[in-house]
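Taking it in order: structure first as structure tokens, then the write-up.
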Amino acid sequence: MTRLIFLLTLLGAFTCSWAQSTRQSDEPHLVTRARYKIQAGDKFDVSYRYTPELNQAVTVEPDGFINLDPAGAIKVSGLTLEQATDLITGLAGKHLHDPKVTLTLKEFHKPYYVVAGEVKHPGRFDMDQPTTALQAVLTAGGMDTTARSSQVILFRRINADDDEVHVLDLHNVKKRSDLEHDIMLEPGDMLLIPRDRIAKMERIIKATNIGLYLNPAQLGF
């Protein structure tokens with residue numbers, strides 16, 4: 001009986017410690033959440049405080065550019081609204097005295113992520129709130145028993161042609177609540193949970209080569 005009481009006490013102390021460390025580790029992830037980046041097809045209003053006759057409603061072209069008066073063609077895809085505002089303000093300043101520019105996003109692509117591979121419900125999921133890799137896997141129904149949780153692959157687009165590759169050890173996250181192995185997702189990220197070990201992954205790969213690691217059925221669309 002004494003041994004049982006000791007084990008229960010130890011388990012309770014471990015549970016409290018795990019919960020506290022989880023809350024503390026979650027906070028930095030929320031602070032560093034990526035802001036929405038402008039994409040082709042997005043629509044927004046460009047307003048000039050002192051020269052409203054220059055106000056425009058624009059749509060981002062497939063090549064990522066917009067055309068503005070008086071700044072001309074400007075590439076805005078991949079920028080946050082704040083970065084685009086600074087860029088447009090700087091270019092407009094070559095033609096206007098101390099312009100005050102405001103961008104208002106009207107239509108945009110809803111942020112999403114993709115989970116593929118050895119999970120219960122692979123597919124594309126809306127990113128309605130800050131989401132870590134482990135949370136994304138759980139949203140997809142959790143890993144199958146065949147999953148290699150120690151080598152989850154994260155593909156993250158860095159430009160129109162290339163993806164950055166991260167290898168995550170989510171087995172350790174589940175076993176030790178070691179959140180340093182988890183990562184906050186960004187819109188457009190894709191997680192691949194493989195069945196077999198992938199021998200070698202380059203840090204940067206061509207986006208067109210991602211299909212080499214996937215079967216169409218793994219996407220669940």
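Rule-based calculations on the coordinates, nothing more; no lab input. A quick note: this is a predicted structure, and the numbers were derived from the prediction, not measured. A quick note on method: Cβ atoms are made from the backbone with ideal geometry, for glycine too, and the neighbour counts reach across all protein chains shown.
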Completion exercise
Semi-axes a, b, c in Å (a largest) for the range 43-107, each sqrt of 5 times a Cα gyration tensor eigenvalue, come to 18, 12, 11
Practice task
Determine by what factor the alpha-carbon radius of gyration of the range 69-139 differs from 2.2 N^0.38 Å, reporting the quotient.
Solution key: 1.69
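Pairs to check: 43/110; 37/120; 75/106. Give those whose C-alpha atoms are more than 20 Å from each other in this structure.
Beyond 20 Å: 37/120.
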Completion exercise
For 85, 131, 104, ascending order of other Cβ atoms within 10 Å (fewest first) is 104, 85, 131
Exercise for the section: Please report, to one decimal in angstroms, the Kirkwood hydrodynamic radius of the range 22-172 built from all distinct Cα-Cα pairs. Expected result: 18.1
